[in-house]
Amino acid sequence: MNLKNLDNIKVDEDRLENMKKDIYKKEKKSFRPAYIAAVFALIFSLGFAFPTYTKDLPIYSNIFNFFGMNNYQEAGELVNATATSNGIKITVVDAIYSNDSLAFSYLIESDEDLGEDINLESDMSFKNNKAFGASGSSYFEKKSDGVYLGYEDFDMDFKNKNVSPLKVNLKIRGIQSFSDDYRSVEKYPGNWKFDLSLDQIKADIYKFDQVVEKDGYVGVLDTVSIDKSGTEIKVNFMNKMGFDVLAYNQKGARFVDEDGKEYKLDLRGGTGYDGVYSTKYRLDQKLEKNKDYKLIVDLEKDDGKYFEGPADGSAPAKEVTADYVGTEAYRNAPQEIEIEIPVRIN
């Protein structure tokens, strides 16, 4: 999948520009979802300074820590699976299977320097499950000539939940190297295959059916899942105003406790089916029982414009305007909505 060719993914115009800005900056950024059904969209995040790494040093077993993902490092399992193709060696160092999330850390070694900014073209399939699609994040950092560390972090839309062990076929079919201005891409094709068996991290799952409505937009707290990698919160959104639920973008989300302390919150992307948009949020912290928290989601109405085209880039993407833009319901809807969802584990 071409994860950086955003113009060939169906997203609205404002969201497309925001994603491009996020991708083209080498600094810490928030994640914004741009996924519907089987579209894969990866957005770069988290930039840190790391110690110098060379080919003469042993394989790192704590790559997630380098990216400030300490909970992932603690929760993950060491894999150290290596494949070589066309003179480039790729090692999957660590892997995590938490709820419906999969994450992999990588070491890439090449006799030929691949450039300053790279990304993987990868595909996943499963021997004992099926995924309808995924969203997530990705980042790679050059450590020295021909040596790169990085990770991919996916939130999967699995057909069957909690399959463990999960039999993963991970295939990397190329490496993309981007110019400084992102106007040109050099590709390094190959065939790197990994057959992985991953055990799901045990989690405490709390089910809810808590409904909050604001100005005709509805948020339903679905589940809260807590394991040693942190906390995952799933919320289903619906629109009772008579037009597409995806006409509102999530421009921000906050998570605060009863003392007013705010926690770092990662928006994991979402899936849309039959008028319901399901979104997942992740916290590094484990929620405490009998303590009151609030998930505050800021929504903004979009202009209904998006780009539509084949994900493989075989044809140019075209700008399309959604049908609902011309409706009275859309015109009369508020531009911004804030939904506050109480969260309490008993």
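The values are calculated or read from the model by the stated rules, or taken from the named source; none is laboratory data. Computed from a predicted structure; not experimentally measured. Note: ideal-geometry Cβ built from the backbone for every residue, glycine included; neighbour counts use all protein chains shown.
Overview of values
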read-out	value
Some residue of the range 289-296 being modelled with pLDDT of 95 or more, more than 23 Å from the chain's Cα centre (by Cα), part of a strand (DSSP E or B) and of a type in the set (Val, Ile, Thr)	no
Filter result (touching a residue at least 40 places away in the same chain (Cβ under 8 Å) and either over 24 Å from the mean Cα position of the chain (by Cα) or exposed (fewer than 12 other Cβ atoms within 10 Å of the Cβ) (or both)) within the range 317-331	Glu319, Ala322, Tyr324, Thr327, Ala329, Tyr330
Qualifying residue in the range 221-237 (condition: closer than 26 Å to Asp323 by Cα and more than 19 Å from the chain's Cα centre (by Cα))	no
Residue match in the range 261-277 (condition: basic (Lys, Arg), closer than 24 Å to Asp155 by Cα and surrounded by fewer than 15 Cβ atoms within 10 Å (Cβ to Cβ))	yes
Within the range 103-186, strands (runs of 3 or more DSSP E) holding 2 or more residues that are polar (S, T, N, Q)	117-126, 131-144, 166-178
In the range 259-282, residue modelled with the lowest pLDDT [restricted to those that are in a loop (DSSP other than H, G, I, E, B) and more than 12 Å from Ile233 (Cα to Cα)]	Asp274
Of residues in the range 173-222 being among the aromatic types (Phe, Trp, Tyr) and in contact with a strand residue (DSSP E or B) (Cβ under 6 Å, 6 or more places away or on another chain), the one nearest to Ser105 (Cα to Cα)	Phe194
Residues of the range 297-323 that turn out to be touching a Phe, Trp or Tyr at 6+ places or on another chain (Cβ under 9 Å) and either closer than 23 Å to Asp100 by Cα or at pLDDT 85 or above (or both), as a count	12
Qualifying position, being in contact with a helix residue (DSSP H, G or I) (Cβ under 9 Å, 6 or more places away or on another chain), more than 21 Å from Asp266 (Cα to Cα) and either modelled with pLDDT of 95 or more or of a type outside the set (S, T, N, Q) (or both), among Tyr188, Tyr151, Tyr217	Tyr217
Every residue from the range 72-94 that is over 16 Å from Tyr148 (Cβ atoms) and either β-branched (Val, Ile, Thr) or surrounded by 22 or more Cβ atoms within 10 Å (Cβ to Cβ) (or both)	Tyr72, Gly76, Val79
Of residues in the range 238-251 being over 15 Å from the mean Cα position of the chain (by Cα) and not in a loop (DSSP other than H, G, I, E, B), the one surrounded by the most Cβ atoms within 10 Å (Cβ to Cβ)	Tyr248
Qualifying residue in the range 129-138 (condition: at positive phi, free of Cβ contacts under 8 Å to residues at least 60 places away in the same chain and not aromatic (Phe, Trp, Tyr))	no
All positions within the range 299-344 that are among the basic types (Lys, Arg) and either closer than 30 Å to Phe208 by Cβ or in contact with a helix residue (DSSP H, G or I) (Cβ under 8 Å, 6 or more places away or on another chain) (or both)	Lys301, Lys305, Arg344
Any hit, the range 140-158, residues being among the aliphatic types (A, V, I, L, M) and over 25 Å from Asn70 (Cα atoms)	no
Some residue of the range 187-194 being in contact (Cβ under 8 Å) with a residue 12 or more places away in the chain, in contact with a Phe, Trp or Tyr (Cβ under 9 Å, 6 or more places away or on another chain) and either over 30 Å from Ile88 (Cα atoms) or not assigned by TED's automatic domain parsing to the domain that holds Phe255 (or both)	yes
So Asp209, is it assigned to a strand (DSSP E or B), under 15 Å from Ala103 (Cα atoms) and acidic (Asp, Glu)	no
